[in-house]
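Each remark here refers to the structure printed beneath this line.
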Amino acid sequence: MEWEHVMPAHNFGRYLPCWNKGGRKACRRDNTFRVMESDMHNLVPSIGEVNGDRSNYRFANDYPKVGQYGNCEFEVNFKIKRAYPKKEIKGDIARIYFYMSDKYNIKLSKQERRLMEVWNKQDPVDNWERTKNKRVFKLQGNINKFIK
């Protein structure tokens with residue numbers, strides 16, 4: 001088990017000057033990047049293989065085919081570079097994307113924003129999100145305001 005960025009580092013790092021000088025490695029010394037990269041609202045536990053395979057692929061709306069990662073309901077389509085999460089976490093993903101976009105002024109494409117708006121409505125906030133939000137507040141000092 002490891003920690004994964006829900007919004008990949010590529011999505012928030014590419015807007016920084018350091019990214020053009022060598023990507024994530026070049027941004028390691030950039031304070032803004034380090035704050036974004038370590039933001040606990042954007043981190044979730046993940047299986048290493050799933051995290052590595054997902055890479056910086058965009059999420060897509062289809063339901064995942066079970067079996068690619070055993071019983072884990074997640075699918076990565078390498079051919080079209082898309083990731084398909086299970087329906088129970090789609091709203092969680094949306095609220096994290098909204099938080100990252102709002103907090104760090106990260107632009108979401110129209111298509112991505114529409115998808116996240118749909119997921120936010122389809123999968124309401126659950127107890128785990130509320131608990132995590134409170135725990136992150138205690139450690140990091142801020143909340144994800146999209147978790148109500």
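The values are calculated or read from the model by the stated rules, or taken from the named source; none is laboratory data. Keep in mind that what you see is a predicted model, and the values were worked out from it rather than measured. Virtual Cβ from ideal backbone geometry, glycine too; neighbours counted across all protein chains shown.
A few comments on the model shown:
- Pair list, Cβ < 6 Å and 6+ apart or interchain, from the range 42-61 residues that are more than 12 Å from ALA83 (Cα to Cα) to residues that are assigned to a loop (DSSP other than H, G, I, E, B): ASN42/VAL6; ASN42/MET7; VAL44/VAL6; PRO45/MET1
- Criterion: assigned to a helix (DSSP H, G or I), free of Cβ contacts under 8 Å to residues at least 12 places away in the same chain and touching a helix residue (DSSP H, G or I) at 6+ places or on another chain (Cβ under 9 Å) - qualifying residue of ARG29, ARG95, ARG34: ARG34
- Within the range 49-97, tally of residues that are exposed (fewer than 15 other Cβ atoms within 10 Å of the Cβ), aromatic (Phe, Trp, Tyr) and within 20 Å of VAL118 (Cα to Cα): 1
- Matching option when the condition is farther than 19 Å from PHE12 by Cα and among the polar types (S, T, N, Q), among ASN127, ASN56: ASN127
- Of all residues assigned to the range 42-55, at least one qualifies as being at pLDDT 95 or above, in contact with a strand residue (DSSP E or B) (Cβ under 9 Å, 6 or more places away or on another chain), in a helix (DSSP H, G or I) and under 29 Å from GLY141 (Cα atoms).
- Scanning the range 70-86 for residues that are without any contact (Cβ under 8 Å) to a residue 24 or more places away in the chain and closer than 18 Å to VAL6 by Cα gives GLU73, GLU75, ASN77, LYS86.
- Residues (over 15 Å from TRP3 (Cα atoms) and not β-branched (Val, Ile, Thr)) located in the range 35-62: TYR57, ARG58, PHE59, ALA60, ASN61, ASP62
- Of everything in the range 98-114 that is assigned to a helix (DSSP H, G or I) and among the charged types (D, E, K, R), the residue that is surrounded by the fewest Cβ atoms within 10 Å (Cβ to Cβ) is LYS110.
- Of the candidates ASN120, ASN127, ASN133, ASN142, the single residue that is modelled with pLDDT of 95 or more and either in contact with a Pro (Cβ under 8 Å, 6 or more places away or on another chain) or surrounded by fewer than 11 Cβ atoms within 10 Å (Cβ to Cβ) (or both) is ASN127.
- Scanning the range 14-42 for residues being of a type in the set (D, E, K, R) and touching an Asp or Glu at 6+ places or on another chain (Cβ under 9 Å) gives a total of 2.
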